[in-house]
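Enquirer: Handing you this structure, nothing more for now.
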Amino acid sequence: MENVLRPLIVIGGSVLLTLVIGWATDRLLRKADERHRETPLWGLLRRGRIPYQLVLCAAMLRGSYDETKLLERHRAGIGQTLTLVLIGAAAWLVIRIASAIVETTYTRYARVHRDPARVRRVRTQVTLIMRVVAAVVGVVAVAAMLLTFPAMRAAGASLLASAGILGIVAGVAAQSTLSNMFAGLQIAFGDMVRIGDTVVVDGEWGTVEEITLTFLTVRTWDERRITMPVSYFTSKPFENWSRGTPQMTGIVFWHVDHTAPVELMRERLRDILRECPAWDGRDYGLAVTDTTPNTMQVRALVTAKDADDIWTVRVTVREQMIRWLTDQHPYALPRVNTADAVVLPRGGSSSNGTAPRRAHETPRTGRG
């Protein structure tokens, strides 16, 4: 009877005590979260209740398993398994606690500072810091697990002795990976590009959606995702439209006839912008920037608060100006000058090889 009750009491008591302590801790965190609504720390700490209970249960079973007198021939293996579970659960719990603290710090910073650029910068740094912390904790946990095996402890001296050679070999083999990792840290703390920035890379316009230690994801305007190594942003030039202030100046070009009413076009541009909600009201202008034998090039400058609004302003101005010219000043649209075909005399070409001109030849104009 004792052989049955002893394991049941020890194992059942450990599990029951774990559940009770976990429930009590969760209740305390919930009450603290209700009292302190200004900080999300207590609510975020509740995410760690599962690894917290695993740590408690594994620690209790590891300390009291010898008292069960159960499967004594496999006691070493069971103890080893419980130790591995305890180390893994502890690493999991540390990552959850660190994540809660870092996210709370970021939330407080975002509430105090209203500058979107600074908030995006801190968000990028926080994301990469959490990835580094998780990687370090994971490596330490795996190393601790390996050191629980006697064979690994015996090989520790030889591993340390060959660490220099292995480091050189690993550095050469993983040169690109290491360069990307260092580039990721440089991006995070060098404020080169941040999550949420509008960038242009390889002719593609989009928003930075994710930054890791090795790659960066850009979401384009048509919902595509471009994944690039972070080393690209430290070795090649790229456009960051969110750097500094997000305000932008856009350009709209038209090719019109030489008789186009430029002054009236300036007035029409002003009216179009006044009716466009995306225009920020900072500046606008219209000027003739180039001419060709048949047309002249007119350029309009418009402003907006960010990249999305400047696109809206440009397409609105382009569309409404063309419509206004078509309806009110059709003569201002580009035209192609044409003339009658020259008919050669029956005798062939002239002696100098050029076609003769007809005295009555006059150019006529048609809409292009």
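Every number here is computed from the coordinates shown, using simple stated rules; none is lab data. Fair warning: this is a prediction, and the values are worked out from it, not measured in the lab. We place every Cβ from the backbone using ideal geometry, glycine too, and count neighbours over all the protein chains shown.
Enquirer: Rounded if a/c is under 1.5, else prolate if a/b beats b/c, else oblate: with a ≥ b ≥ c from the C-alpha gyration tensor eigenvalues square-rooted, which is region 232-342?
Expert: The shape class here is oblate.
Enquirer: Quote the FRET efficiency, to the nearest 0.05, computed for Arg35 versus Val15 with a Förster distance R0 of 41 Å and r equal to the Cβ-Cβ distance.
Expert: That pair, Arg35 with Val15, gives E of 0.85.
Enquirer: With each label point set 7 Å from Cα along the Cα-Cβ vector, what nm distance links Arg299 and Thr259?
Expert: 2.7 nm
Enquirer: Sticking with this structure for a sec: Obtain the nm distance between the two label points defined at Val122 and Thr83 by a simple spin-label model: each point lies 7 Å from its Cα along the Cα-to-C-beta direction.
Expert: If labels sit at Val122 and Thr83, their model points lie 4.4 nm apart.
Enquirer: Using per-residue counts of other Cβ atoms within 10 Å, averaged over each peptide, order 121-129, 260-268 from highest down.
Expert: Per-residue Cβ counts within 10 Å, averaged per peptide and sorted highest first, yield 121-129, 260-268.
Enquirer: Here's a follow-up. Tell me, in nm to one decimal, what length is gained between Glu267 and Ile50 on full extension, where the rule is 0.36 nm per residue of separation less the Cα-Cα distance?
Expert: Stretched out fully, the Glu267 to Ile50 stretch lengthens by 71.4 nm.
Enquirer: Separate question: Roughly speaking, what is the stretch gain from Val336 to Ile101, that is 0.36 nm per residue apart minus the C-alpha to C-alpha distance, in nm to one decimal?
Expert: Length difference between fully extended and current span is 77.7 nm.
Enquirer: Right, something else. Using a 7 Å offset from the Cα along the Cα-to-Cβ direction at both Ala135 and Asp308, what is the distance between the two label points in nm, to one decimal?
Expert: 3.2 nm
Enquirer: Can you figure out the FRET efficiency of Lys236 with Val142, using R₀ = 45 Å and their beta-carbon distance, to the nearest 0.05? Write out the running numbers ahead of the final one.
Expert: Details: r = 35 Å, r/R0 = 0.79.
Calculated value: 0.80.
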